[in-house]
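J.: Following this message is one structure expressed as structure tokens.
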Amino acid sequence: ESEALIEGLLQNGRLTFDQLVGRTISKVPEGTIRPAREEIRMNFNRLVYARYVERCPKAEPFFNPQEDEQSTAARRRVPKTAEEVLSLEQKVVNTATLSDPERFSEIPYSMEDASKTNDCPHNAVVGAKRKHGAFEVDEELNSTIAENEVLWRVNFEKFIFCLKKKFCADRKKPKLKVGTHPIWESFFEANLTDKDTNSVTSSINGILEKLGQKEGGAAMSIGQIKPVLLDLQCTTSDGEEYNFDLSKMVEACRNEEIESLVKKKYGQEAFTIFRLLVTQGCAVETDQIIDTTILDKQIVHSTLYKLW
């Protein structure tokens, strides 16, 4: 059911929940039981809770340039060493952007569905609670708006982060020692937060929990796991949470790919020069390249022109 919801959003870009329900039901083959609306809502809320789906930015954000100019003039009176200057387009984008609680606000359960969803274990996870009295009317109204008017879309940041984690995990596997694969995989699976898409942070308890679900992992102790994490270049400040910088590994892999292309197209000399420039990470004088690579001056000059 969740796959059908994601597919609908990927194919159409943005849809209301009501449109998603219609599409999901229409895809069910004839002769099979069609899912109830509250079941689809439950699965949809799971995707929102996991941050795979988000509410779209405000369609018509209110932005008054005159008020912004006045506030800018007022700020100029206050001395500042540096102030970020935003373009008009960026200010409008910032106005339309929703906060995290708004982006991942789930669809409330209406009163008629609450009794059917109370037994669902997901309710305890996402905190779907029944309200009483005057709040019941507000809840039904919010549910109607969220279903019929709010546009939803796929959160690509979450998917890219998952792909980045999978890429880094798979890239390092061939170089790992025997018996460390489960620890490496458990570290990625136990990730605590998705806010920073350039690093993975996992607690030692979370790693142990994921490791216990793997074959032979339950027998591993903390004393065995911690040295392996340090060998895998995971850093820690307190010994309880471990961090791995994805951006460094992605950059190194990207450089390897480019270097292999340079070698294939321009030869070993070009590869040597290119590797030197990548390693230095800054401008290098031609004479220094000649001295470092021990290549003929004429070859270095002609190769640099090719690469240029």
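The values are calculated or read from the model by the stated rules, or taken from the named source; none is laboratory data. Quick caveat, the model's predicted, so the values are computed rather than measured. Because the Cβ atoms are built from the backbone with ideal geometry, glycine has one as well, and the counts that use them run over all protein chains shown. Heavy atoms of the whole protein, side chains included, go into the accessibility calculation; ligands, DNA and RNA do not. Shrake-Rupley method; radii C 1.70, N 1.55, O 1.52, S 1.80 Å.
J.: Restricted to segment 12-50, and to residues that are open to solvent by 70 Å² or more (accessible area, probe 1.4 Å) and in contact (Cβ under 8 Å) with a residue 24 or more places away in the chain, which residue is nearest to the chain's Cα centre (by Cα)? It would help to see each step written out before you state the result.
T.: Filtering segment 12-50 for residues open to solvent by 70 Å² or more (accessible area, probe 1.4 Å) gives 12, 14, 19, 26-27, 29-34, 37, 39, 46, 49.
Still in the running and in contact (Cβ under 8 Å) with a residue 24 or more places away in the chain: 14, 37, 39, 46, 49.
Values: 14: 19, 37: 29, 39: 27, 46: 17, 49: 14 Å.
By that ranking, first place goes to 49.
Residues are listed down the side, and each one gets a yes or a no for (1) at pLDDT 65 or above; (2) under 30 Å from residue 197 (Cα atoms); (3) touching a Ser or Thr at 6+ places or on another chain (Cβ under 6 Å); (4) open to solvent by 50 Å² or more (accessible area, probe 1.4 Å):
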site	(1), (2), (3), (4)
56	yes, yes, no, no
70	no, no, no, yes
74	no, no, no, no
84	no, yes, no, yes
88	yes, yes, no, yes
95	yes, yes, no, no
106	yes, yes, no, no
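J.: Would you mind finding the one in 217, 239, 206, 223 that is surrounded by fewer than 16 Cβ atoms within 10 Å (Cβ to Cβ), under 20 Å from residue 181 (Cβ atoms) and assigned by the TED database to the domain that holds residue 185? Don't jump to the end; show me each part of the working.
T.: Details: 217 fails: surrounded by fewer than 16 Cβ atoms within 10 Å (Cβ to Cβ); 239 fails: under 20 Å from residue 181 (Cβ atoms); 206 fails: surrounded by fewer than 16 Cβ atoms within 10 Å (Cβ to Cβ).
None of the others qualify; the one that does is 223.
J.: Search segment 95-108 for residues being part of a helix (DSSP H, G or I) and more than 20 Å from the chain's Cα centre (by Cα), and hand back the single one that is nearest to residue 156 (Cα to Cα).
T.: If we filter segment 95-108 for residues that are part of a helix (DSSP H, G or I), which is where we start, we get 95-96, 100-103.
Remaining after also requiring more than 20 Å from the chain's Cα centre (by Cα): 95-96.
On the way: 95: 20, 96: 18 Å.
Ranking the qualifying residues of segment 95-108, first place goes to 96.
J.: Same structure again: Can you tell me which residue among 275, 254 is of a type in the set (Lys, Arg), at pLDDT below 90 and open to solvent by 70 Å² or more (accessible area, probe 1.4 Å)? Quick ask: steps written out before the conclusion?
T.: On the way: 275 fails: at pLDDT below 90.
254 is the lone residue from the list that is of a type in the set (Lys, Arg), at pLDDT below 90 and open to solvent by 70 Å² or more (accessible area, probe 1.4 Å).
J.: Among residues belonging to segment 180-203 that are open to solvent by 50 Å² or more (accessible area, probe 1.4 Å) and among the polar types (S, T, N, Q), point out the one that is modelled with the lowest pLDDT.
T.: The extreme case among them is 193.
J.: Also: For segment 162-172, give me each residue that is under 19 Å from residue 255 (Cα atoms), free of Cβ contacts under 8 Å to residues at least 40 places away in the same chain and not aliphatic (A, V, I, L, M). If you could, list the steps in order and put the result at the bottom.
T.: Initially, segment 162-172 is screened for residues under 19 Å from residue 255 (Cα atoms), giving 163-172.
Keeping just the survivors that are free of Cβ contacts under 8 Å to residues at least 40 places away in the same chain gives 163, 166, 169-170.
Selection gives 166, 170.
J.: What's the number of the condition residue 280 fails, among (1) in the same structural domain as residue 162 (by the TED database); (2) on the phi < 0 side of the Ramachandran plot?
T.: With respect to (1) in the same structural domain as residue 162 (by the TED database); (2) on the phi < 0 side of the Ramachandran plot, residue 280 is out only on (1).
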